[in-house]
1. Among the residues of the range 126-151, how many are among the basic types (Lys, Arg) and either touching a residue at least 12 places away in the same chain (Cβ under 8 Å) or over 16 Å from residue 63 (Cα atoms) (or both)?
2. Within the range 113-146, can you find the residues that are surrounded by fewer than 19 Cβ atoms within 10 Å (Cβ to Cβ) and either within 24 Å of residue 64 (Cβ to Cβ) or touching a Cys at 6+ places or on another chain (Cβ under 9 Å) (or both)?
3. In the range 69-83, which residues are at pLDDT 75 or above and surrounded by 12 or more Cβ atoms within 10 Å (Cβ to Cβ)?
4. Between 86, 134, 159, which is among the acidic types (Asp, Glu) and at pLDDT below 80?
5. Which numbered condition in (1) in contact (Cβ under 8 Å) with a residue 60 or more places away in the chain; (2) over 26 Å from residue 154 (Cβ atoms) is the only one that residue 23 fails?
6. In the set 7, 54, 50, which member is at positive phi and either β-branched (Val, Ile, Thr) or modelled with pLDDT under 80 (or both)?
Amino acid sequence: MEPETRRLDPTSLGAHTARLYRAAYGLCGSRQDAEDLVQDTFERVLRRPRFLRRDEDLVYLLRVLRNTWISARRSRREVLTSPAGEEIEQIEAAHDPIAQAIEGAAVYEALQALTQPLREALVAVDVMGLSYREAARALGTREGTIMSRLHRGRGQIAERLELAG
């Protein structure tokens, strides 16, 4: 039995803007770069709408966001990181387990110090709220790999925050 597919509804994209912005901020580390990344992501998605299985809009959007971010980094040949500043306080609140427990700006700053695979896993699960399965699908890896990356990434963030605090 084939899974049910449907065409991505462009009018539904607005509902995901805040979560995508938070994910983009986690990847980029700056407000301006995050805004540009979300805008570029929506441009790509609207230019070539896809057929999706079930309700996988967020998984698909994260995959496009990540690929857009990687493409931008490759084309610029530089790392798009900068220390997180006060702008993190302006981000609309969403379900974010790490930021609920600890000061948001410090977490995003520590997030920038992680390797790309660890950062992507943390952004997918802890910032965007995807399940392990959805994150694995969006990032093109296995659930076990996601769990391992989350464990290592969370440990490294906790360690950095302890040293800073």
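The values are calculated or read from the model by the stated rules, or taken from the named source; none is laboratory data. Here the structure is a predicted model, which is why all the values come from computation and not from measurement. Ideal geometry is used to build each Cβ from the backbone, glycine not excepted, and the neighbour counts take in all protein chains shown.
1. Residues in the range 126-151 being among the basic types (Lys, Arg) and either touching a residue at least 12 places away in the same chain (Cβ under 8 Å) or over 16 Å from residue 63 (Cα atoms) (or both): 2 in total.
2. If the condition is that a residue be surrounded by fewer than 19 Cβ atoms within 10 Å (Cβ to Cβ) and either within 24 Å of residue 64 (Cβ to Cβ) or touching a Cys at 6+ places or on another chain (Cβ under 9 Å) (or both), then 115, 116, 117, 129, 131, 132, 133, 140, 141, 142, 143, 145 are the ones that fit.
3. 69, 70, 71, 72, 73, listed by residue number.
4. Criteria check complete, one pass: 86.
5. Going through the list (1) in contact (Cβ under 8 Å) with a residue 60 or more places away in the chain; (2) over 26 Å from residue 154 (Cβ atoms), residue 23 breaks only (2).
6. Of 7, 54, 50, the one residue that is at positive phi and either β-branched (Val, Ile, Thr) or modelled with pLDDT under 80 (or both) is 54.
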